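Encoded as structure tokens, the structure appears first; notes follow it.
Laboratory data are not the source of any read-out in this text; all were calculated from the coordinates shown. On a predicted model such as this, the values are computed, not experimentally measured, just so you know.
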Amino acid sequence: MIKNCMTTVTEEEWKQLPLQTLLYEWARRNLTTPSDMSTVLSYVGLFLIAWYTIIWITRLVLALIRPIFLVVSAIVVLRILQYYEPDEIRAIMINTYNIISNTIVKVMSKLFSNVLNLID
């Protein structure tokens, strides 16, 4: 429990307070808290409006980026098919699959070792 000790301490003692106590006292003295239910509801409403605005903007940006990503990836694939021989493409694909599978296995092994450490 946090003590209300800001009123009885000197400035030197005030500098030695733990950070959580200092922040709690500062917030308690300087930030207003809602005293009635309408203020609480307005804060919740503003939070929801801000949250849905952020989600909407994110979806809009992703909707604009996705077609560009598809076109660029199609151009890259067509350039690869145009400039490389089938044997070279096969070697590139095998190397790519090896890198991806090794990365997935490493991530899964780290994840499982962390889960096992949490269980123990």
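Across the range 113-120, coupling constants 3J(HN,Hα) worked out from phi with the 6.51/-1.76/1.60 Karplus curve, θ = phi - 60°, read 5, 5, 5, 5, 5, 5, 5, 6 Hz, and Gly and Pro carry x. In order along the range 37-47, phi translates into HN-Hα couplings of 5, 5, 5, 4, 5, 5, 5, 5, x, 5, 4 Hz, rounded to whole numbers, per the Karplus curve 6.51 cos²θ - 1.76 cosθ + 1.60 with θ = phi - 60° and x for Gly and Pro.
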